[in-house]
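Colleague: Submitted below is the structure of interest, expressed as structure tokens.
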Amino acid sequence: MRLKDKVAIITGSARGIGQATALKFAAEGAKVVVCDLEHTAVDEVVAQIVAAHGQAIGFTMNVTDKASIAAMVKGVMAKYGRIDVLVNNAGIVDDAMLRKMSDAQFERVIDINLKGTYNCARAVVDIMIAQNAGVILNASSVVGLHGNFGQTNYAASKFGVIGMAKTWARELGRKGIRANAVCPGFVETTILKSIPAKVMQAMVDRVPLGRLARPEEIANTYAFLASDEASYINGAVIEVSGGATV
């Protein structure tokens, strides 16, 4: 078990890539902290992990609400006494072309995807420094590398979290803390259900491997980067896209 007894906080982990990451980390022996907006959904993921003989606790948390983040961190420290891994997975999309994008759309995506990542990292960094150990993993996207039509806000946020990871790698490496970013491409999650079949096929056609990623494949990347097997990977940007560019 590559993550045995590591305490791992995963934001946005009630569904999609976050849920797959929570289940993977638990299977690898981590003590998983499931965090998301919906209490019932959080409880369901915790129950899944426990049913599979893993260890998990859950918190209803909003990455834009520093008080709820602080309460989560306090609860984790009271339960486990340490925090080894933070996966900044929580994020949203709210697309529009630049000339049609509202300030509210732009600010909401930046607040959750970019500032939310900052909020969570800021809440755990002193704990990791005191431990002289820790891993911070930021969820970026191929859109953060290449941009995408109608995603000014999303591209800005996902480019920004890459910059954060690289900065934290420089600042915190000598403190025993590694920071990296993961850039998924097109992934089979419920968010794609509303996309017309023709558009979906076009997405698949742009991937040299001929299919979309499974959430578990992104989770596997996070698990490796969180483990001691990745002990010399710091400040990296890992694209997990099947070779696709947007």
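Rule-based calculations on the coordinates, nothing more; no lab input. Bear in mind the structure is a predicted one, so any value in this text is a computation, not a measurement. Here the Cβ is made from the backbone with ideal geometry for all residues, glycine too, and neighbour counts use every protein chain on show.
Colleague: Compute the Rg to Rh ratio over the stretch 58-144 from the alpha carbon atoms, using the Kirkwood formula for Rh, and round to two decimal places.
Modeller: Ratio value, two decimals: 1.05.
Colleague: Taking a ≥ b ≥ c as the square roots of the eigenvalues of the Cα gyration tensor of the stretch 1-141, is the shape rounded (a/c under 1.5), prolate (a/b larger than b/c) or oblate?
Modeller: Since a/c reaches 1.5 and a/b is larger than b/c, the shape of the stretch 1-141 is classed as prolate.
Colleague: Using 0.36 nm times the number of residues separating residue 80 and residue 55, minus their current alpha carbon distance, what extension gain do you get?
Modeller: Once the chain is fully extended between residue 80 and residue 55, it gains 7.9 nm.
Colleague: A further question on this structure: Excluding residue 105 itself, calculate the net charge of residues whose Cβ lies under 13 Å from the Cβ of residue 105, where each Lys or Arg counts +1 and each Asp or Glu counts -1.
Modeller: Result for the neighbourhood of residue 105: -2.
Colleague: Can I ask one more? Students often forget the sequence filter, so: which aspartates and glutamates lie under 18 Å Cα-Cα from residue 4 once same-chain residues fewer than 8 apart are removed?
Modeller: Reachable aspartates and glutamates: 28, 84, 228, 229.
Colleague: Quote to one decimal, in nm, the extra length available between residue 65 and residue 245 on full extension: 0.36 nm per residue of separation minus the C-alpha distance between them.
Modeller: Computed gain between residue 65 and residue 245 is 61.4 nm.
Colleague: In addition: Which whole-number percent gives the relative contact order of the stretch 45-121, counting Cα pairs below 8 Å spaced six or more residues apart?
Modeller: Computed value for the stretch 45-121: 32 percent relative contact order.
Colleague: For the chain, set up a Gaussian network in which alpha carbons nearer than 10 Å are linked by springs, and say which option among 19, 48, 201 fluctuates the most.
Modeller: Answer for the Gaussian network model of the chain: 201.
Colleague: Rounded to two decimal places and with Rh computed the Kirkwood way over Cα pairs, what is Rg over Rh for the chain?
Modeller: Ratio value, two decimals: 0.95.
Colleague: Which pairs, out of 24/198; 79/158; 6/74; 6/166, put more than 27 Å between their alpha-carbon atoms?
Modeller: Distance filter (> 27 Å) returns 24/198; 79/158.
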